[in-house]
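The structure appears below as structure tokens.
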Amino acid sequence: MSDDAATAIENLSQETRTFSPSSEFVQNAVARPSLYQEAERDRLAFWRSAASLLSWKTPFTETLDWTDAPFARWFADGTLNVAYNCVDRHVESGHGDQAAILAEYEDGTDATYTYAQVKDEISRMANVLTDLGVKTGDRVAIYLPMIPEAAFAMLACARIGAPHSVVFGGFSADALRSRIEDAEARVVITADGQNRRGKQLPLKPAVDEALATGGDSVEKVLVVRRTGGDVEWNEGRDVWWHEAREDASAEHEPVWVEAEHPLFILYTSGTTGNPKGIIHTTGGYLTQAAYTHRNVFDIKPSTDVYWCTADVGWVTGHTYVVYGPMANRTTQVIYEGTPDSPHQGRWWEIVEKHKVSKFYSSPTAIRTAMKWGEDIPAKYDLSSLKLLGSVGEAINPEAWMWYRRVIGGDRCPIVDTWWQTETGAIMISPLPGITATKPGSAQVPLPGIGADVVDESGKPVENGEGGYLVLDKPWPAMLRGIWGDPERFKETYWSRFEGLYFAGDGAKRDEDGDIWLLGRVDDVMNISGHRLSTMEIESALVSHEWVAESAVVGAADETTGQAVVAYCVLNNSNADSPTDNDELVQELRAWVGKEIGPIAKPKRLFIVNELPKTRSGKIMRRLLKDTAEGRQVGDTSTLADASVMQAIADEVKND
Ligand code: ATP
Ligand code: MG
């Protein structure tokens, strides 16, 4: 390895700043340092005891059955109900008056639902679904905006043991149809429309369109009235929720299901390849959801106000909006709108209003807030915050530091949580009150989780080296397969390394043994035979004061194999950056050379207005790579805004 490449690989792990929690935080922390030893001593006993966070109708006797690996069975002879665990038992224990959901609507109105009210709502909806013909085991598609009814719909399905398939409300009719058809859903739950940036966008027409040309399994469509106004109505098929609700009883006996009964199917966002229907089941999933939520977010049920900004259309909205928080009897904010409507301080206004104490969001949201400028959050009282979380992508050290200082007042621990739709719950993360945190690193596997970084041959790497992230022990919330395609499950995750789950992400261990995520394996570049991570170069660019966001790709190059191509979005708030494009580009290229090493210097660098992102906010490097290599841009159907990619393609062509 040349010196240059060695420098590059070393760069991120040279982060030496660490932040220890305050002694006050340590004293009151939920997570105990002994968790690591307990899990180390007897992993299955550890998970057995975590399962006691739940109420079981029939206790299980066996913890894990791994004889048919990679198909796991956890707590398989126990029975329980997820909705009972998330709602009823809190009412039974005398907490029915505690707020479960603080709903903030896009138009500035709000509503509170107590646990007792949630119990009534989901019981009514469970009765309505049963009347519409849904039986235990039938699939229900949910296509709703981010309103309390989305959580009610999921819990109502769980109550009758009907696996749900939530489809993000921003997806098109085509995307909805293919997901309905793959899961053969019997009922779709939707709304007439949704509020977005002061406008009312129709939602039900997409369901009508999807069902006009397919989706034959669907018999009924249950429609929540959100925006009002006229909607096309299909008599005999469509049912208004508010009308059915009137006649529905608020009494409903939950259906007790086996621990391995499927709870939901969720299609991955499609940053890579075709969407896959990831299957999660009941007992193991809820155990790890509750356990990780409680320990990673330091949850104190009676005092915390928690807010996870994810949409229920993504796995984060399943595990850390609905199931984990509600299993732990948390009071939480659910917000319908966008961060910039009606103004760019909207999120911080909500934090102030509800005195949010635990806040969980994504690097893309944090970088966007950085771009808007720190004087915006400075207008609000954020002193209620006690802990901040991040998920979805690796967080650049620069963004981490900003998050800590500007939002967290230099006082809140940050938990950078690595996990996937497939893992069901958090796998790698600091534990607040225990781990001294490090900007940009997810650091350590949680107690009870086996994660490692291995080389091409599957051998664990030494500290200071990079490789592939793998999971080497089964975990309770692990996916149980891909809906309808067990072979694809084995092939995608279990064939790369014998006996190891291949996560598809590149990673590195630093000198302390901490884990750094380097992005997807496809995003690791090969420049003159040296492996460089797109993530490292992006982090270097973002650490320059002019740059708000950046995306780096490796483009085919005749001489070096691949060449570094960078796209940068500039900060809004920088008056002193040059206006001359060439000057900007030269300075930023030189900066990367200085920060990482000459080999990492982008061969081409473009200043752009926006980066192409999926609807969950992840950068689609695949498309940027198409452009950098002079190809027609590939499938843009999962992009939030397809015009962004066109603008970039035009710019690159004119270069
Ligand atoms: P698809 O699998 O369809 O391409 P996706 O992988 O984006 O979509 P998710 O399951 O939501 O869908 O995302 C999981 C991925 O997100 C991880 O594999 C990893 O690449 C990235 N990720 C999530 N959290 C972190 C984190 N804290 N640090 C680094 N990367 C993260
Ligand atoms: Mg993935």
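Quick one: Debye curve from the C-alpha atoms of the stretch 320-392, no solvent, what's log10 I(q)/I(0) at q = 0.12 Å⁻¹?
So the normalised log intensities are -0.33.
Quick one: dipole size for the chain, taken about the Cα centre, charges +1 on Lys/Arg Cβ and -1 on Asp/Glu Cβ, in debye to the nearest 20.
Details: 64 positive and 96 negative charges, 197 e Å.
Roughly 940 debye for the chain.
Return the distance in nm (one decimal) between the two label points of a simple spin-label model at Glu62 and Glu38, each offset 7 Å from Cα along Cα→Cβ.
Calculated label separation equals 2.5 nm.
If one puts a single equal scatterer on every Cα of the stretch 407-472 and applies the Debye formula without solvent, what log₁₀ I(q)/I(0) results at q = 0.13, 0.20 Å⁻¹?
These q points yield log10 I(q)/I(0) values of -0.42, -0.89.
Considering only DSSP beta bridges with both partners in the stretch 167-318, what is the antiparallel share in %, to the nearest 5?
55
Share of Cα-Cα pairs in the stretch 41-104 beyond 19 Å, in percent?
48
Which one of Gly236, Tyr493, Thr79 is farthest out on the positive end of the charge dipole of the chain, using unit charges on Cβ (Lys, Arg +1; Asp, Glu -1) and the Cα centre as origin?
So the residue we want is Thr79.
Quick one: if you stick a label point 7 Å off each Cα along the C-beta vector at Gln420 and Gln200, how many nm between them?
Going from the Gln420 label point to the Gln200 one covers 4.2 nm.
Can you work out D for the stretch 248-316 in µm² s⁻¹ from Stokes-Einstein, where Rh is the Kirkwood radius over C-alpha pairs, the temperature is 10 °C and the viscosity is 1.306 mPa s?
Here the translational diffusion coefficient equals 105 µm²/s.
Calculate, axis by axis, the spread of Cα positions in the stretch 519-655 along the three principal axes, and write the results as whole Å, longest axis first.
Principal-axis extents of the Cα atoms in the stretch 519-655, largest first: 38, 37, 28 Å.
State whether the stretch 125-174 is rounded, prolate or oblate according to the following rule on the C-alpha gyration tensor (a ≥ b ≥ c being the square roots of its eigenvalues): a/c under 1.5 gives rounded; otherwise a/b larger than b/c gives prolate, and the remaining case gives oblate.
prolate
Based on the inverse mean of 1/r over its pairs of different Cα atoms, what is the Kirkwood hydrodynamic radius of the chain, in Å?
It is 25.4 Å.
Would you mind checking which residues have amide H under 5 Å from Gly519's amide H? H placed 1.01 Å from N; only 5 or more apart, or other chain.
HN-HN under 5 Å from Gly519: Gly506.
Once you've got the Cα coordinates, tell me which of Lys276/Lys300; Lys119/Lys358; Lys57/Lys119; Lys135/Lys204; Lys358/Lys613; Lys276/Lys358 are over 29 Å apart. Please report the intermediate quantities before stating the final value.
Details: Lys276/Lys300 36 Å; Lys119/Lys358 24 Å; Lys57/Lys119 18 Å; Lys135/Lys204 24 Å; Lys358/Lys613 26 Å; Lys276/Lys358 31 Å.
Flagged as over cut-off: Lys276/Lys300; Lys276/Lys358.
Give me the distance in nm between label points sitting 7 Å out from Cα along the Cα-to-Cβ direction at Ser637 and Thr213, one decimal.
About 1.0 nm separates the two model spin labels.
Against the longest principal axis of the chain, how steep is helix 3-13, in degrees 0 to 90 to the nearest 10, with axes from Cα atoms?
Tilt of helix 3-13: around 40 degrees.
Once the piece of chain linking Lys653 and Tyr380 is laid out straight, how much longer is it, given 0.36 nm per residue of separation minus the C-alpha distance between them?
Working: separation 273, 0.36 × 273 = 98.28 nm, distance 4.35 nm.
Result for the pair: 93.9 nm of gain on full extension.
For the stretch 535-585, what number results from the quotient of the Cα radius of gyration and 2.2 N^0.38 Å?
1.30
Hey, what did the chain get for relative contact order, percent, Cα under 8 Å, at least 6 apart?
13
Go ahead and estimate [θ] at 222 nm for the chain from helices alone: -39,500 (n - 2.57) per DSSP H run with n ≥ 4, summed, over the residue count, rounded to 500.
-8500 deg cm²/dmol
Filter the trypsin sites (Lys or Arg not before Pro) in the stretch 42-92 down to the DSSP loop ones having no more than 14 other Cβ atoms within 10 Å, then list what survives. Intermediate results must be reported in sequence, preceding the final value.
On the way: sites: Arg43, Arg48, Lys57, Arg73, Arg89; in loops: Lys57.
Taking the stretch 42-92 and a limit of 14 other Cβ atoms within 10 Å, the loop trypsin sites (Lys or Arg not before Pro) found are Lys57.
Enumerate the calculated ³J(HN,Hα) couplings along the stretch 54-61 in order (Karplus 6.51 cos²θ - 1.76 cosθ + 1.60, θ = phi - 60°), each rounded to whole Hz, writing x wherever the residue is Gly or Pro.
Couplings: 9, 9, 9, 6, 10, x, 8, 10 Hz.
Given a Förster distance of 56 angstrom, what is the FRET efficiency for Ser55 paired with Asp582, based on the Cβ-Cβ distance and rounded to 0.05?
The value I calculate is 0.30.
Can you order the peptides 502-510, 17-25, 532-540 by their average number of other Cβ atoms within 10 Å per residue, highest first?
On the way: 502-510: 21.8, 17-25: 14.4, 532-540: 26.4.
Answer by packing, highest mean first, reads 532-540, 502-510, 17-25.
Starting from the Cα of Gln98, move 7 Å in the Cα-to-Cβ direction to define the label point; list residues of the stretch 302-344 whose amide nitrogen is under 13 Å from there.
302-306, 325-332
Tell me the trypsin sites (Lys or Arg not before Pro) within the stretch 187-242 that lie in a loop according to DSSP and have at most 12 other beta-carbon atoms within 10 Å. Walk me through the numbers before you get to the answer.
Numbers: sites: Arg196, Arg197, Lys199, Lys220, Arg225, Arg226, Arg237; in loops: Arg197, Arg225, Arg226, Arg237.
The qualifying sites are Arg197.
Values in this text are rule-based calculations from the coordinates and carry no lab data. Only a predicted model underlies this, so the values are computations on that prediction, with no experimental measurement involved. Virtual Cβ from ideal backbone geometry, glycine too; neighbours counted across all protein chains shown.
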